[in-house]
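A short write-up of the structure that comes next.
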Amino acid sequence: MLKDITLGQYFPGDTIIHKLDPRTKLILVIVFIVALFLAVDWISYAFMFVVTALCVKVSTIKLKSILKGLKPLIFIIVFTGILNLFYTQGGTVLFDWWIFTISTAGIKRAFLMIVRIMLLITGTFLLTYTTSPIALTDGLEMLLNPLKKIKVPVHEMSMIMSMALRFIPTLIEETDKIMSAQKARGADFSTGKITERAKALLPLLVPLFVSSFRRADELAVAMESRCYHGGEGRTRMNALHMARRDYLAFLAGAIVLGGMIAMNIYGI
Amino acid sequence: MAIIRTENLHFTYQGEENETLHGVNLEIEEGSFVAILGHNGSGKSTLAKLFNGILLPNEGRVLVNGIDTTHEDKLLDVRRTVGLVFQNPDNQIVANVVEDDVAFAPENLGVEPDEIRRRVDSALKTVGMYEYRQHAPHLLSGGQKQRVAIAGVLAMQPRCIVLDEPTAMLDPVGRREVISTVTRLCREEGITVVLITHHMSECIGADRLVVMSEGRIVADGTPREVFAQVELLRSEGLSVPVTTELIYELNQDGWVLPLDALTVDECADAVAAALK
């Protein structure tokens, strides 16, 4: 049951978006978010919609997976829509009752807001859908590398991140095992009041916690045995390097951003 | 020259009163296959960690290829020369992809990327895991994981590999995979192998068998010589291979059979010869 949890929702693939350097993708997502917030009116929103749709199409990520990702955020989307619907002034008033006023401007704004949030989520999901967690961590480490100069432990943080990612499946497996052992002795994890269920988890967490410490200790010894001595002088087998496609992607990003700035100035 | 040499080695864990090792003198010849046998608490795992400077002796010294393991600035040389493989494969695999894990040690040593790629491919081919290079380690079987761990050590190009109960958590199939892999490493690649175990059957193929008990070496010789000392092994709480056991029991009943008939065929021949 616990094994079904997928990690970082990465969908392996072989498209140009999958092959882009993680650093490129991280930077482009930031560019994308900035561009999205520059959108003011129908045309600029339509433009961003087309850009996003194009990226999704190229990445061959199924629309279904994206919609599935949007689902948990539906409340925020609806909430933002409603707020904008009632609290926007201007335009022709269509409906007015007590403190609720719906105007044409409100409808337009609510619609565009919903589109903006959905595009925002789709864009960021595209990053995690097409980039493995490890590649993401590596990309982040290299992007944050300059921070080493001000004594930020960038290598250590990224090592911790990738270790955590590495051990999630192992710990899930172990949790499953302990749960089965407890169930065999009559523990009940799935019925009862929420407080009872929380209490039932305690005998699960304690052994898990203890074994994690033991694992960490063994892992540290194994890493040291393999000559690990921090980030100093370390090389990488698959060093990240920018290819032609990365520069092309940056160019495309710059064009989109430039276009959005222009449209923002003209207010379309 | 001996690849590993211990001189009057004493070791006590911090916060414990009893000494774990009481003066161990051992020389491991380069290129040999040495098995160290002992039951739980005999100090054999402690010995393994002393071999590459994870633990440092309280008294006496450990020389790896002539370098004292207490030399802090030579520690990487020591660890690169003697690779350690541990019992639990899950707790020694550091990456999410098999080949990235194998690359870990050469990456730490600052090897050039092209050379790392070459070493990783050759290490994975040596242990027969090359087809799995893109797999996630947690989806592999125990024996496969342990072979990946061995490849991870091989990528350092060590001259000696010490395996601390590498088969303890494996099923019989995985156990065979691992033992045949390390035997091949020694015989074909010329790498010194120190196999620490409490399974008799895994020691039969070794050149030399060292039996440890209570932090001391109690027997040392070829497997034939050591297994022939049935009373000694029994008194140390160790069993002997079934073939030796059979001949020993027959001898107790008045038969006269050679105790060093170790393989099943030899044992059968010995019994057949006695029956004629």
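The values are calculated or read from the model by the stated rules, or taken from the named source; none is laboratory data. Source: prediction; values computed, not measured. Methodologically, a virtual Cβ is constructed for each residue, glycine included, from the backbone with ideal geometry; neighbour enumeration extends over all protein chains shown.
The table below lists the values:
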{"read-out": "Per-region count, the range B:85-99, residues under 22 Å from A:Ser212 (Cβ atoms) and within 8 Å of another protein chain (Cβ to nearest Cβ)", "value": "9"}
{"read-out": "Among (1) at pLDDT below 85; (2) closer than 30 Å to B:Asn108 by Cα - the single one A:Ile99 does not satisfy", "value": "(2)"}
{"read-out": "Residue within the range B:119-130 that is in a loop (DSSP other than H, G, I, E, B), at the interface with another protein chain (Cβ under 8 Å from one of its Cβ atoms) and of a type outside the set (S, T, N, Q) present", "value": "no"}
{"read-out": "Flag for A:Ala181 being more than 14 Å from chain B (Cβ to nearest Cβ), assigned to a helix (DSSP H, G or I) and surrounded by fewer than 18 Cβ atoms within 10 Å (Cβ to Cβ)", "value": "yes"}
{"read-out": "Residues within the range B:48-93 that are touching a residue at least 40 places away in the same chain (Cβ under 8 Å) and of a type in the set (A, V, I, L, M, F, W, C), tallied", "value": "12"}
{"read-out": "Of residues in the range A:122-153 being without any contact (Cβ under 8 Å) to a residue 40 or more places away in the chain and touching a Leu at 6+ places or on another chain (Cβ under 8 Å), the one farthest from A:Glu218 (Cα to Cα)", "value": "A:Val152"}
{"read-out": "Residue among A:Leu83, A:Leu26, A:Leu54 that alone is loosely packed, with under 15 Cβ neighbours inside 10 Å, among the hydrophobic types (A, V, I, L, M, F, W, C) and closer than 16 Å to A:Tyr129 by Cβ", "value": "A:Leu54"}
{"read-out": "When residues of the range A:239-268 are limited to those that are exposed (fewer than 15 other Cβ atoms within 10 Å of the Cβ) and within 14 Å of chain B (Cβ to nearest Cβ), the one nearest to A:Asp21 (Cα to Cα)", "value": "A:His241"}
{"read-out": "The one condition in (1) more than 20 Å from the chain's Cα centre (by Cα); (2) surrounded by fewer than 14 Cβ atoms within 10 Å (Cβ to Cβ); (3) among the basic types (Lys, Arg) that A:Lys108 fails to fulfil", "value": "(2)"}
{"read-out": "Scan of the range A:222-233 for residues that are surrounded by 13 or more Cβ atoms within 10 Å (Cβ to Cβ) and in contact (Cβ under 8 Å) with a residue 12 or more places away in the chain, ordered by number", "value": "A:Gly231"}
{"read-out": "Helices (runs of 4 or more DSSP H) completely within the range B:9-111 that count 1 or more residues being surrounded by fewer than 23 Cβ atoms within 10 Å (Cβ to Cβ) and of a type in the set (Gly, Ala, Ser)", "value": "B:44-51"}
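A quick yes/no check of all residues on (1) under 24 Å from B:Leu233 (Cβ atoms); (2) under 14 Å from the mean Cα position of the chain (by Cα):
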| site | (1), (2) |
| --- | --- |
| B:Ile4 | no, yes |
| B:Asn18 | yes, no |
| B:His22 | yes, no |
| B:Ile28 | yes, yes |
| B:Leu37 | yes, yes |
| B:Thr46 | yes, yes |
| B:Ile54 | no, no |
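Table: residues versus (1) away from chain A (no Cβ under 12 Å); (2) outside any helix (DSSP H, G or I).
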residue: B:Glu115; (1), (2): no, no
residue: B:Ile161; (1), (2): no, yes
residue: B:Pro166; (1), (2): yes, yes
residue: B:Leu170; (1), (2): yes, yes
residue: B:Gly174; (1), (2): yes, no
residue: B:Val178; (1), (2): yes, no
residue: B:Thr181; (1), (2): yes, no
residue: B:Arg184; (1), (2): yes, no
residue: B:Leu195; (1), (2): yes, yes
